[in-house]
Amino acid sequence: MIAVEDLASIVAIALGCAVAVSLMGLLLLLALRRRSLLLQVGVIVLTVVASTVAGFIAVANAMYLSAHDLTVVFYVAGAAGLISLVLALLLGSWLTSSARRLVGLARALSDGDTLDAADARGWASEFTAVADQLAETSRRLEESRAEVAAIDESRRELIAWISHDLRTPLAGLRVMAEALEDGLAAEPLRFHRQMRSQVDHLSTMVDDLFELSKIQSGALRLALEPVRVYDLVSDAVAELTPLASSRSITLVERPGPDVLVLGDDRGLSRVIGNLLVNAIQHAPKGSSVTIGTAADDSRQVVLSVADRGGGIPEEDLARVFEAGWRASTSRTPETLWGVSAGAGLGLAIAQGIVEAHRGEISVRNEDDGCRFEVSLPRHESVEG
């Protein structure tokens, strides 16, 4: 049985040697912190073995062990240290290989390659977690690239349509101006009226572009106040009835309960007007366009506009609200009284205004046409 005093001495000596050797090992690790992981693992193992051997030597000298016993201890410590070093080198080699594979995945990610979480099978849980995160980042980057590509394509289409729609009235204005300048206009007053109509059309397009830029930049400001949906619909129908009549189209109102929404009167009027103009432009002559309102149980006001223009291909429904996008030729709008969807901004502007009101706008094919629905939070009911 070892005496308490001797045991305390042994522990103190071993701790002193371990601390001294560990400090030297720590300094060496700090010096090698930018070197290979394999080298650092080797330093750790050598530090452990060295602290153990140093402790043996110090204790042996203090306890006056025989040279034979000390030699036996050295052999035992050496064998254990050698095995530990081999295992440490194998572990370090595996860790280094895993780290290099992670570097390869990160490099592939920076090159735009798509990563697969299966690439990390058989790795340690920490490395697997990092590889999974890289794969998730790769997936999100792929989605972002696809979104950017779609936005870029939409932007190119928008520029193309704007260029076309601006060039047409500008060319007409140039021709009429030259005819008036050369005195070749048989009816100058008619030319002046047409020129004013073209200028109004150009002004409308510029206003649409400005409105869309405010929506996309988040600079749209709304003057919110309680607004009667019934008044918005009635005013829009009254304003656009002559336009519909010019194409032999009937506007049919299906009013629901008289309700209020908290919104911007001008903005919501523009939403309804854009939806009605879009429906009138796409509806065949002699048909009808229906606009109705309803209030559901979730305190939402639903406004719908339905036409009989033949519908939209299902694969195109997701693009209806993209700025600059137009459907097939059969649904490409024509200019009516100088009012047009122009570069395809009407529905994009409507969506931006609705979303700024914390509402939703959607479209679906119904029967032989399209049905647009606008859902807005209900402010309060009004008894009619």
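Structure notes:
- Accessible surface ranking for Val4, Val252, Val305, 1.4 angstrom probe, highest first: Val4, Val252, Val305.
- Only one residue of Asn278, Ser304, Leu243 has its Cα farthest out toward the positive end of the dipole of the stretch 240-332, where Lys and Arg carry +1 and Asp and Glu -1 on Cβ, and that residue is Leu243.
- Database remark: amide H of Glu366 closer than 5 angstrom to the amide H of Arg371 (H placed geometrically; neighbours at sequence offset of 5 or more, or on other chains; Pro and chain starts carry no H).
- Burial order of peptide ranges 141-149, 153-161 (average beta-carbon count within 10 Å, highest first): 153-161, 141-149
- Protection proxy ranking of 168-175, 197-204, 259-266 - average other beta-carbon atoms within 10 Å, highest first: 259-266, 197-204, 168-175
- Vicinal HN-Hα couplings computed from phi for the stretch 359-372 (Karplus, 6.51 cos²θ - 1.76 cosθ + 1.60; Hz; Gly/Pro x): x, 9, 10, 8, 9, 8, 7, 9, 6, 10, x, 10, 10, 9
- Solvent-accessible surface (1.4 angstrom probe) belonging to Thr52, in square angstrom, nearest 10: 60 Å²
- The listed residues Phe210, Phe372, Phe56 rank as Phe210, Phe56, Phe372 when sorted by accessible area, largest first, using a 1.4 Å probe.
- Judged by the mean number of other Cβ atoms found within 10 Å, the most tightly packed of the peptides 98-105, 189-196, 131-138 leads the ranking 131-138, 98-105, 189-196.
- With Cα atoms defining each centre, the stretch 145-159 and the stretch 94-109 are spaced 34 Å apart in the structure.
- Surface listing: Ile249, Ile10 arranged by accessible area from highest to lowest gives Ile10, Ile249, probe 1.4 Å.
The values are calculated or read from the model by the stated rules, or taken from the named source; none is laboratory data. This structure is a prediction, so every number in the text was calculated from the model and none was measured. Glycine also receives a Cβ, built like all others from the backbone with ideal geometry; neighbour counts cover every protein chain displayed. These accessible areas exclude ligands, DNA and RNA; they are computed on the full protein's heavy atoms, side chains included. Shrake-Rupley method; radii C 1.70, N 1.55, O 1.52, S 1.80 Å.
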